[in-house]
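The values are calculated or read from the model by the stated rules, or taken from the named source; none is laboratory data. The structure presented is a predicted model; accordingly, all values stated were derived computationally and were not measured. Reconstructed Cβ throughout: ideal geometry from the backbone, glycine too, with neighbour counts over all protein chains shown. What goes into the accessible areas is simple: the full protein's heavy atoms, side chains included, and nothing from ligands, DNA or RNA. Shrake-Rupley method; radii C 1.70, N 1.55, O 1.52, S 1.80 Å.
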Amino acid sequence: MALVEAEELVKRFGNLVAVDGISFQVQEGECYGFLGPNGAGKTTTMRMICCTARPTAGVLRVFGLDVPRHARAIKRQLGVVHQAVTLDDALTVRENLVVYGRYFDLTWEEARRRADELLTFAELEARADDRVSKLSGGMQRRLMIARALMANPRLLVLDEPTTGLDPQARHALWDRLRQLKRAGVTQILTTHYMEEAEHLCDRVAIVDHGRIVAEGPPRELVERYVGREVVELQVAGDGALAGAVAEQAAGLAEGFEVAGDRVFLHTRDGEELLHRVRALRLPLEAVVLRRATLEDVFLRLTGRRLRE
Amino acid sequence: MMDFSPVGAFRFWQRNLLIFRKTFAFTVPENFLEPVLYLLALGLGLGAYLREIQGLPYVAFVATGLAASAAMFGATFECTYNAYVQFYYDRSYDAIVTTPLSAEDVAVGEVLWGATRSVIYGTAFLLVVALFGVVRSPWALTLPGVFFVSGVVFSAVALAFTALTPSIDLFTYYFSLWITPMFMFSGIFFPLDALPGWVQTAAWFTPLYHVVRATRALAFGSPAVAVPDLVWLAVVAVAFLPLPAVLLRRRLVQ
Ligand SMILES: Nc1ncnc2c1ncn2[C@@H]1O[C@H](COP(=O)(O)OP(=O)(O)O)[C@@H](O)[C@H]1O
Ligand SMILES: [Mg+2]
């Protein structure tokens with residue numbers, strides 16, 4: 001069953017169109033990602049799912065219930081990790097969890113028991129009685145996830161869960177999210193890190209300017225729009241020659257993109273292409289062969305890179 | 001579209017109580033020591049020269065007025081600075097409206113909590129001054145209820161301002177143009193009889209004037225005198241309660 005269904009969903013703020021007619025479904029048990037740059041409309045979409053932004057047009061149903069009419073019933077089964085840190089600084093780590101559980105009508109005892117379980121899950125037992133401002137960014141993020149799980153949500157909504165974290169903290173968080181997925185928790189997350197989308201998501205929607213430009217399993221999207229491998233050429237000098245280089249090399253590849261002083265050649269056989277590019281003796285500073293990624297898909301579909 | 005649940009408001013109130021239990025020590029100076037200082041300076045200092053006002057010892061006159069203003073400040077600090085920090089800096093409200101609680105639950109819970117703080121500070125002050133023989137009637141036992149109702153008024157107005165203000169700096173205007181004039185001209189330190197008629201009329205339209213009158217009347221055992229003031233406060237409390245709920249919903253749900 002689809003836990004979230006959106007049809008031609010639109011959100012405008014005055015004249016600004018933040019979400020411009022998107023349609024998607026999130027199935028029970030999957031991890032569904034929105035991948036796109038800042039300002040693409042990811043947070044606005046999450047806010048509509050959480051019933052804190054009212055759709056301007058279109059249909060949005062969560063657990064089969066209409067947004068925002070059934071806001072309370074929807075929110076009761078939702079666990080939300082906001083993009084900003086939204087913890088109560090006056091309270092300790094454990095109190096943040098217990099108080100949050102009370103909003104879902106857990107008894108004090110249930111809330112305390114659940115908080116202890118989740119402190120273990122988030123590896124925060126040792127910090128249980130500290131104020132949250134004393135925690136590192138990664139710990140605060142783990143606490144936000146633990147808090148979202150207090151009432152055993154049917155759907156976990158994560159808005160840029162690892163933005164601003166160092167790589168180690170990011171990997172620790174990914175482990176938690178994969179663990180939850182194995183336990184059957186449906187997840188919907190936004191990110192502007194293509195590695196994150198590839199690691200965690202069963203399906204991703206690539207979003208730009210409030211629209212979904214492509215949707216599917218990450219590897220399938222890469223195969224469909226880019227191929228298997230990419231030969232990345234860094235053009236010598238200030239990049240003025242990039243266009244000319246691309247023109248010469250393009251014939252050898254199945255597709256290509258230019259971004260600044262770089263040319264990306266798409267191919268199914270990287271070794272072969274690498275060989276033939278070298279033979280051209282182009283003015284290059286570096287040539288790299290790598291696996292094609294969602295970043296290449298984004299560049300191909302929008303003409304821009306994810307993070308500029 | 002309003003969406004209010006009493007249980008939701010109560011949960012939010014409980015949250016604030018939990019926070020208060022950890023932080024109340026820091027609120028004692030502004031909410032409790034200040035009125036005590038006013039009482040010592042004016043009640044005893046000025047009271048040495050000015051023995052009686054309206055047939056009451058001056059210290060008793062001031063003490064009852066200051067109990068009313070302690071209640072006002074309790075609610076006002078809560079629903080201005082405290083609420084603002086949680087709303088804009090901690091973003092706690094943003095988190096709470098994605099739980100089953102609605103923006104209206106948060107607003108009403110916050111107002112009821114502000115009113116609770118009115119009761120706590122007004123009553124605590126009253127208990128201290130009662131030691132000096134200032135409270136003369138069992139009707140004083142109804143005063144916590146009066147502080148609660150007036151606390152709803154002060155909280156609702158303050159929270160409405162907090163939901164509208166673009167910056168924490170504007171609270172200085174809230175205090176200088178609204179709270180302080182009320183504090184000076186509600187009959188706490190002197191009766192308004194000697195002032196121009198328009199000052200008395202203006203005072204009638206502000207809540208503190210009525211809280212001061214009701215507090216004094218009940219503390220000294222003339223409940224009938226307090227009735228019009230209590231009606232005024234109850235009507236305004238009920239009328240203003242929805243205001244912060246509407247404004248907060250607009251800020252939290254777009
Ligand atoms: N409350 C709001 N009022 C006005 N504009 C907004 C509001 N929230 C978001 N926007 C605008 O909508 C667009 C999409 O924003 P957002 O959903 O936050 O994107 P993302 O999360 O993908 O970075 C941006 O142009 C942003 O400035
Ligand atoms: Mg965002």
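So here's what we get for this one:
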{"quantity": "Flag for B:V128 being away from chain A (no Cβ under 14 Å), of a type in the set (V, I, T) and not in a helix (DSSP H, G or I)", "calculated": "no"}
{"quantity": "The range A:20-32, residues that are open to solvent by 30 Å² or more (accessible area, probe 1.4 Å) and charged (D, E, K, R)", "calculated": "A:D20, A:E28"}
{"quantity": "Residue check, A:Y100 facing chain B (nearest Cβ under 8 Å) and in contact (Cβ under 8 Å) with a residue 24 or more places away in the chain", "calculated": "yes"}
{"quantity": "Per-region count, the range A:162-190, residues of a type in the set (S, T, Y), at pLDDT 95 or above and within 13 Å of ligand 1 (Cβ to nearest atom)", "calculated": "1"}
{"quantity": "Matching residues in the range A:107-122 - criterion: being in contact (Cβ under 8 Å) with a residue 24 or more places away in the chain and more than 16 Å from B:L18 (Cα to Cα)", "calculated": "A:R114, A:A115, A:L118, A:L119, A:F121, A:A122"}
{"quantity": "Checklist (1) assigned to a helix (DSSP H, G or I); (2) surrounded by fewer than 16 Cβ atoms within 10 Å (Cβ to Cβ); (3) of a type outside the set (V, I, T) applied to B:Q254, failing item", "calculated": "(1)"}
{"quantity": "Selection status of A:V85, within 14 Å of another protein chain (Cβ to nearest Cβ), within 14 Å of A:L155 (Cα to Cα) and within 14 Å of ligand 2 (Cβ to nearest atom)", "calculated": "no"}
{"quantity": "Tally, over the range A:153-195, of residues that are touching a residue at least 60 places away in the same chain (Cβ under 8 Å) and on the phi > 0 side of the Ramachandran plot", "calculated": "2"}
{"quantity": "Residue identified as in contact with a His (Cβ under 8 Å, 6 or more places away or on another chain) and of a type outside the set (D, E) among A:V235, A:V226, A:V207, A:V245", "calculated": "A:V226"}
{"quantity": "Scan of the range A:61-81 for residues that are open to solvent by less than 50 Å² (accessible area, probe 1.4 Å), touching a strand residue (DSSP E or B) at 6+ places or on another chain (Cβ under 7 Å) and either over 9 Å from A:C50 (Cβ atoms) or away from ligand 2 (no atom under 16 Å from the Cβ) (or both), ordered by number", "calculated": "A:V62, A:F63, A:V67, A:A73, A:I74, A:L78, A:G79, A:V81"}
{"quantity": "Residue within the range A:93-107 that is open to solvent by 70 Å² or more (accessible area, probe 1.4 Å), away from ligand 1 (no atom under 16 Å from the Cβ), assigned to a helix (DSSP H, G or I) and touching a helix residue (DSSP H, G or I) at 6+ places or on another chain (Cβ under 9 Å) present", "calculated": "yes"}
{"quantity": "Within the range A:68-82, tally of residues that are within 8 Å of chain B (Cβ to nearest Cβ) and β-branched (V, I, T)", "calculated": "1"}
{"quantity": "Residues satisfying the stated conditions in the range B:166-185, i.e. of a type outside the set (A, V, I, L, M, F, W, C) and either open to solvent by 60 Å² or more (accessible area, probe 1.4 Å) or modelled with pLDDT of 95 or more (or both)", "calculated": "B:P166, B:D169, B:T172, B:Y173, B:Y174, B:S176, B:T180"}
{"quantity": "Wholly within the range A:251-308, strands (runs of 3 or more DSSP E) carrying at least 2 residues that are open to solvent by less than 30 Å² (accessible area, probe 1.4 Å)", "calculated": "A:255-259, A:262-267"}
{"quantity": "2 or more residues over 23 Å from B:R213 (Cβ atoms), open to solvent by 20 Å² or more (accessible area, probe 1.4 Å) and within 14 Å of another protein chain (Cβ to nearest Cβ): qualifying helices (runs of 4 or more DSSP H) within the range B:1-120", "calculated": "B:6-28"}
{"quantity": "Selection count, the range A:29-51, where residues are farther than 20 Å from A:P218 by Cβ, more than 10 Å from ligand 1 (Cβ to nearest atom) and not β-branched (V, I, T)", "calculated": "2"}
{"quantity": "Hey, B:V152 under 30 Å from B:G55 (Cα atoms), crowded, with 22+ Cβ neighbours inside 10 Å, out of contact with any strand residue (DSSP E or B) (no Cβ under 7 Å at 6 or more places or on another chain) and away from chain A (no Cβ under 14 Å) or not", "calculated": "no"}
{"quantity": "Residues that are closer than 20 Å to B:Y93 by Cβ, in a loop (DSSP other than H, G, I, E, B) and within 15 Å of ligand 1 (Cβ to nearest atom), drawn from the range A:52-85", "calculated": "A:T52, A:A53, A:R54, A:H82, A:Q83, A:A84"}
{"quantity": "Tally of residues being within 16 Å of ligand 2 (Cβ to nearest atom), open to solvent by less than 50 Å² (accessible area, probe 1.4 Å) and not hydrophobic (A, V, I, L, M, F, W, C) across the range A:33-55", "calculated": "9"}
{"quantity": "Hey, A:D130 surrounded by fewer than 22 Cβ atoms within 10 Å (Cβ to Cβ) and farther than 26 Å from B:G8 by Cα or not", "calculated": "yes"}
